Amino acid sequence: MNITVLGLLIPFLGTMLGSGMVFFMQRQMRDGIQRALLGFAAGVMIAASVWSLLIPAMDMSEPMGRLAFLPALVGFSLGVAFLFLLDKITPHLHAMAKNPEGPKAGVNKISRTMMLVFAVTLHNIPEGMAVGVVFASFLNGGALSSADALALAIGIAIQNFPEGAIISMPLRSEGNSKFKSFCYGTLSGAVEPLAALVTILLTSLILPFLPYLLSFAAGAMVYVVVEELLPEASRDEKTDICTIGFALGFALMMVLDVALG
């Protein structure tokens with residue numbers, strides 16, 4: 001299989017396998033396990049944002065001298081703003097929350113199931129873009145190699161596994177069948193290869209702005225971690241298990257990126 005096709009499918013496979021845990025687990029996931037998985041996913045995303053996205057973006061901008069930080073700063077800021085905007089205009093419900101977020105109008109017409117799916121879909125968009133950007137660089141002889149691209153794809157797939165379980169299990173507890181919960185959980189990850197593919201198809205347009213786009217994806221991913229994953233995992237001041245999960249996820253992604261990149 002072409003390495004690019006494989007790279008685009010790996011993160012989606014992680015979500016699908018994680019969603020499949022609904023067939024093997026009880027109706028609800030234990031609170032401690034869910035907190036640990038959220039912390040783990042957050043750690044992976046932060047490490048990927050730094051090693052796979054922000055540092056390469058600044059390396060590419062070295063000809064700018066002391067202003068080499070500028071593309072990373074601008075892209076990062078735009079990524080945060082983009083996710084902030086999506087968060088405000090899209091009705092969604094986080095897995096461990098009671099009340100939906102986003103616009104209030106029309107929220108009652110959308111089922112809790114769909115709002116749970118929307119929540120995960122929102123932060124799968126920047127992950128898909130990140131994979132697409134690094135593969136676009138590789139395909140066009142840029143600074144990032146196939147190993148760099150695969151390292152990011154594998155890292156995102158690893159954090160997508162617990163993410164898939166975190167979405168499918170609450171769907172099951174909402175009264176959906178195991179199969180329906182699995183399908184919705186898997187569907188939430190389908191946006192990743194789509195976002196990556198669109199990014200690659202726009203390669204000719206994005207290559208001059210590659211440092212900005214890498215940083216954009218990093219900013220969007222960091223927004224998700226700070227706004228969603230960590231608050232959910234550390235609510236009620238129960239932070240220990242979240243912290244351990246975060247440290248493990250961060251260390252794993254750091255090793256993966258350096259070893260494979």
Computed helical MRE - 222 nm, the chain, DSSP H runs ≥ 4 contributing -39500 (n - 2.57), nearest 500
-23000 deg cm²/dmol
Report relative contact order for the chain in percent, whole number only (criteria: Cα-Cα under 8 Å, sequence separation at least 6).
45 percent
For region 193-235: rounded, prolate or oblate by the Cα gyration tensor [a/c cutoff 1.5]
oblate
Note to self: with every protein chain in place and a 1.4 Å probe, the chain gives an accessible area per residue in Å² of 45 Å²
Between the Cα axis of helix 70-89 and the main Cα principal axis of the chain, the angle (0 to 90°, nearest 10) is 20 degrees
Can you count the Lys pairs in region 31-260 whose Cα atoms are under 20 Å apart, with each pair 8 or more apart or on different chains?
6
Of all the accessible heavy-atom surface of region 31-260, with the other protein chains kept in place and a 1.4 Å probe, what percent is carbon and sulfur?
71 percent
Where does the chain land on Rg(C-alpha)/(2.2 N^0.38 Å)?
0.97
The helix 112-139 Cα axis meets the longest alpha-carbon principal axis of the chain at an angle in degrees, between 0 and 90 and rounded to 10, of 20 degrees
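The values are calculated or read from the model by the stated rules, or taken from the named source; none is laboratory data. Source: prediction; values computed, not measured. Note: areas computed on protein heavy atoms with side chains; ligands, DNA, RNA excluded. Shrake-Rupley method; radii C 1.70, N 1.55, O 1.52, S 1.80 Å.
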